[in-house]
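First up is the structure itself, then whatever we jot down about it.
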Amino acid sequence: MSAAPDDNRRVSFDDHQPKLINTSTNVLAQHDEKDENNGHKDDFYEVQPGVSSINLVDPAEPEVPKELWGGRHTLALLGFLGIAVVYAMRVNLSVAIVAMVKSKSNDSIHTEVCPVTDNSTDTGDEGGGEYDWDEGTQGLILGCFFYGYWVTNLIGGRAAEYFGGKLVFGVGIVATAVLTVISPVSVQDDPGFFIAIRVLEGATEGVTFPAMSYILASWMPPLERSKFSTLVYSGVQFGTIVTMPISGWLCDSDFLGGWPSVFYLFGGLGIIWGVAWFLLIHDDPQKHPRISQAEKDYILKHCGAKSEKPVAIPWREMVVSLPVWAAAIMHFGNNWGFYTLLTELPTYLKNIQHFDMKSNGVFSALPYLVMWIFSIIYGMVIDQLLNRGKVSNIFVRRMSMAIGAYGPMLGLVVMCFVDCDSTLAMVVLCFAVGLNGAIYCGYMCSSQDLAPNFAGTIMGITNTLATIPGFAAPAVIGAITKDNQTLPAWRAVFLLSSVVYLITATFYIVFIKADVQSWNEPKDNKNTEHEMKSIGKSGKM
């Protein structure tokens with residue numbers, strides 16, 4: 001009998017004695033019997049974790065449902081739009097703050113300052129906003145979101161396992177949307193109240209990614225996981241692409257007061273999205289009233305049935321697991337580089353390359369457009385390779401992070417040499433950010449690979465660590481560039497991110513795994529092996 005694939009648990013009957021091979025949350029039993037015509041007859045049986053009954057499975061049955069659109073496609077679409085709204089509400093401040101803060105002239109006391117040329121879209125004549133916040137204060141305002149975000153990631157993952165990912169993900173986004181709508185009225189000369197609102201937004205949004213990871217583990221079979229994870233999480237880029245140019249246009253207009261309209265628009269969209277989410281989405285296939293039987297059987301066969309009651313978290317096994325640490329450290333490193341550009345790119349383009357508000361929004365979004373397109377194409381290619389058996393999951397994870405982390409690392413090193421060539425700067429940024437799109441087939445799938453039963457908790461753990469760059473990176477960049485908006489200062493920013501990419505990606509590639517870990521299964525379910533042995537001896541199924 002051939003070896004079982006990594007994403008299945010198989011019970012093999014050698015000489016009519018069952019043997020359990022632990023490779024997934026499903027238990028597939030193959031009983032090799034004599035057949036008059038072919039010599040042997042293979043019967044396949046499926047046992048869900050924690051379920052005593054055994055179901056006969058026809059191995060000739062088509063695995064993928066023929067329907068063009070099913071429940072998992074609806075989930076992927078609304079998950080994509082939800083993540084897009086999440087990032088719209090997160091990054092709108094990166095553009096809006098440029099319009100909110102008074103412009104400061106960069107005197108020629110530095111020799112390493114890009115001059116304003118005829119090609120510059122920002123001539124330096126704009127008066128800017130009404131708030132006199134220095135670089136340190138701006139760094140605090142941009143980063144304070146992540147103080148709240150840091151607190152609720154682990155809570156969000158465990159809450160999804162108890163109450164369902166639908167509720168946790170939906171409430172997290174809608175609550176963030178309400179806080180976003182009231183943000184403009186909280187802004188005062190003393191930014192304390194505004195900072196408090198941003199911290200609360202971070203807290204409500206912090207539950208979203210762990211909850212989504214848990215839902216995907218319930219709905220997406222392993223061979224489709226890279227494709228659908230890429231689609232859902234590419235909402236990050238789509239939200240950024242849409243938000244930055246629209247925010248730049250709104251800030252430069254008189255619509256609803258200019259920059260306040262940025263918060264009203266994207267907060268309102270989050271509330272509208274919530275209506276569709278709660279009407280159309282269900283926690284798992286077994287509870288979906290409109291899913292076809294073929295799709296339900298397909299998902300349950302490969303993903304397994306979720307336990308009604310969450311099982312105890314194997315904390316000790318998680319803490320000593322190198323693959324879990326690899327995913328967490330890579331998550332930290334990727335977020336350091338990603339948040340460095342996400343929160344500070346508009347500031348760099350204005351102060352160094354001298355782009356005005358409208359151009360700033362468009363050009364800030366361009367690298368994320370490239371990333372979005374690349375991530376979709378890359379995910380489709382990986383999906384085809386996996387389905388044809390050309391590559392393994394572990395190869396995909398490692399290759400994806402080599403592309404998605406080493407690529408941006410090299411791009412940021414090159415950014416140190418572009419100087420005042422704004423065209424070359426945009427080309428390099430598109431290259432660096434674009435290649436980062438491979439991560440959605442990399443570490444973003446790892447929590448689902450390692451332990452589907454604890455996918456939400458693991459994502460909560462890794463995202464908690466990965467939230468630190470959200471407030472640390474703007475603070476460090478603010479300290480480096482305070483009263484020092486020069487090329488050498490930004491070279492230091494880019495080199496720091498490159499070093500972080502190098503160290504964390506190397507650790508991930510060396511230590512990550514893509515098979516289900518033994519501690520994913522509750523201890524009670526290990527009795528299944530003994531049950532199967534009894535069945536084999538009795539000869540009854």
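The values are calculated or read from the model by the stated rules, or taken from the named source; none is laboratory data. As the structure is a prediction and not an experimental result, all values here were calculated from the model. Don't worry about glycine lacking a Cβ; one is built from the backbone with ideal geometry, like all the others, and counts go over all protein chains shown. For accessibility, only protein heavy atoms count, side chains too; no ligands or nucleic acids. Shrake-Rupley method; radii C 1.70, N 1.55, O 1.52, S 1.80 Å.
Couple of notes before you dig in:
- Peptides 403-414, 276-287 ordered by packing proxy, namely the average of other Cβ atoms within 10 Å per residue, highest first: 403-414, 276-287.
- Tensor-based shape of the range 440-523 (alpha-carbon gyration tensor, a/c under 1.5 rounded, otherwise prolate or oblate): prolate
- For the range 218-248 and the range 420-490, distance of Cα centres in Å: 16 Å
- In the full protein context, the range 216-347 carries 36 Å² of accessible surface per residue, based on a 1.4 Å probe and ignoring ligands, DNA and RNA.
- Charge tally around THR180: other residues with Cβ under 13 Å, Lys/Arg +1 each, Asp/Glu -1 each, net 0.
- For the range 185-276, the Cα gyration tensor yields ellipsoid semi-axes of 32, 17, 11 Å (square root of five times each eigenvalue, largest first, whole Å).
- Portion, in percent, of the accessible area of the range 136-204 that falls on carbon or sulfur, probe 1.4 Å: 76 percent
- Proximal charge balance of ILE329 [Cβ under 15 Å; K/R count +1, D/E count -1]: +3
- Computed from backbone phi, the HN-Hα couplings of the range 171-178 come to 5, x, 6, 5, 5, 5, 5, 4 Hz, rounded to whole numbers (Karplus: 6.51 cos²θ - 1.76 cosθ + 1.60, θ = phi - 60°; Gly and Pro given as x).
- Taking a Cβ cut-off of under 15 Å around ILE376, the surrounding Lys, Arg, Asp and Glu residues balance to a net charge of -1, with basic ones at +1 and acidic ones at -1.
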